[in-house]
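Comments concern the structure below.
The values are calculated or read from the model by the stated rules, or taken from the named source; none is laboratory data. No experiment lies behind these values; they were computed from the predicted model shown. Here the Cβ positions follow ideal geometry from the backbone for every residue, glycine too, while neighbour counts run over all protein chains shown.
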Amino acid sequence: MKIIQLYEVLLNSFGEQNWWPVYSGEDKFLEVSIGAILTQNTNWNNVEKALKNLINAGFLNWDKLLKADTEQIKQLIKPAGFYNQKAIYIKNFVSAVYGVSKEKINRSFLLSIKGIGEETADSILLYGLDRLYFVVDAYTKRIFYRTGLINRPAIRYGSLQQYIQQNIPPDLKVYKEFHALIVELGKRACRKKPLCAGCPVNHLCLKRPV
DNA sequence: AGCCAGGCCAAGC
DNA sequence: GCTTGGCATGGC
């Protein structure tokens, strides 16, 4: 199987995902950034509860978050889990980015913020700032290894990102949809304990263990 | 009712 | 450089 085939099969089976933004049209940068931090190793259902808490409290707002006490944020984001860490990460992010023009925000700047790793940074860049960075996550590695697109399960983030970016068109829509489709496949079929019956790429897969 | 979720950081080798 | 432990809620 080729990478672009995987994309096409997933798009045909699942349709467009249209992931982000969910709530705010005008400040998607903030919504995506907070959502990306909250979803670190966390089910999106739980993230939605936390996001709604923030929105209902009027806290999905740069000024409110900047001034907010960390304890207030902890209480609001509790459903997302790891809330002690994530509240600090959110404060770190808002403090670092507040008042900085979007043109000056790049990958290395985001990575310098404690709590923003490679996947979170690339999610913010791609979905929040429309920059051409492909988002690699645990599902991507698992699916690419099982299907045989890569030969070892533990590949470095940057290596897999480069490999994918060199094999798909440099198009924001494709980048956004492909990552979302990979997550959807991971949720529906390519779980830790795979549900291969009904998987849309079953016929193209090597079914490697783990 | 245990397993798992759209990671990250710090510490240890 | 790679591996491990800690962080936490809620759904299935």
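With the structure loaded, tell me whether A:Lys114 is out of contact with any helix residue (DSSP H, G or I) (no Cβ under 9 Å at 6 or more places or on another chain) and of a type in the set (Lys, Arg) or whether it fails that test.
No.
Could you grab the pairs with beta carbons closer than 8 Å, sequence gap of 6+ or different chains, first residue in the stretch A:14-30 and closer than 17 Å to A:Gly58 by Cβ, second one surrounded by 11 or more Cβ atoms within 10 Å (Cβ to Cβ) and modelled with pLDDT under 90?
Correct list of pairs: A:Leu30/A:Ser24.
I'd like the residue in the stretch A:45-62 that is among the hydrophobic types (A, V, I, L, M, F, W, C) and more than 10 Å from DNA strand C (Cβ to nearest atom) and, out of all such residues, is nearest to the chain's Cα centre (by Cα).
For the stretch A:45-62, the residue satisfying everything is A:Leu51.
Under 8 Å by Cβ, and 6 or more places apart or on different chains, what pairs join a residue from the stretch A:170-191 that is in contact (Cβ under 8 Å) with a residue 40 or more places away in the chain with one that is of a type in the set (Asp, Glu)?
What qualifies is A:Leu172/A:Asp130; A:Glu177/A:Glu16; A:His179/A:Asp137; A:Ile182/A:Asp137; A:Val183/A:Asp137.
May I ask you to list the residues in the stretch A:112-161 that are loosely packed, with under 13 Cβ neighbours inside 10 Å and within 16 Å of DNA strand C (Cβ to nearest atom)?
Once the filter is applied, which keeps residues that are loosely packed, with under 13 Cβ neighbours inside 10 Å and within 16 Å of DNA strand C (Cβ to nearest atom), the stretch A:112-161 yields A:Lys114, A:Ala138, A:Asn151, A:Arg152, A:Ala154, A:Arg156, A:Gly158, A:Ser159.
When you look at A:Val183, is it more than 11 Å from DNA strand B (Cβ to nearest atom) and in a helix (DSSP H, G or I), yes or no?
Answer is no for this residue.
What residue, among those in the stretch A:60-105 that are in contact (Cβ under 8 Å) with a residue 24 or more places away in the chain and in a loop (DSSP other than H, G, I, E, B), is surrounded by the fewest Cβ atoms within 10 Å (Cβ to Cβ)?
Among those residues, the one meeting the criterion is A:Tyr98.
Tell me whether the stretch A:28-35 contains one or more residues that are polar (S, T, N, Q) and outside any helix (DSSP H, G or I). Show your work before the answer.
First pass over the stretch A:28-35, keeping only residues polar (S, T, N, Q): A:33.
Checking the rest, the ones that are also outside any helix (DSSP H, G or I) come to none.
No, every residue in the stretch A:28-35 fails to be polar (S, T, N, Q) and outside any helix (DSSP H, G or I).
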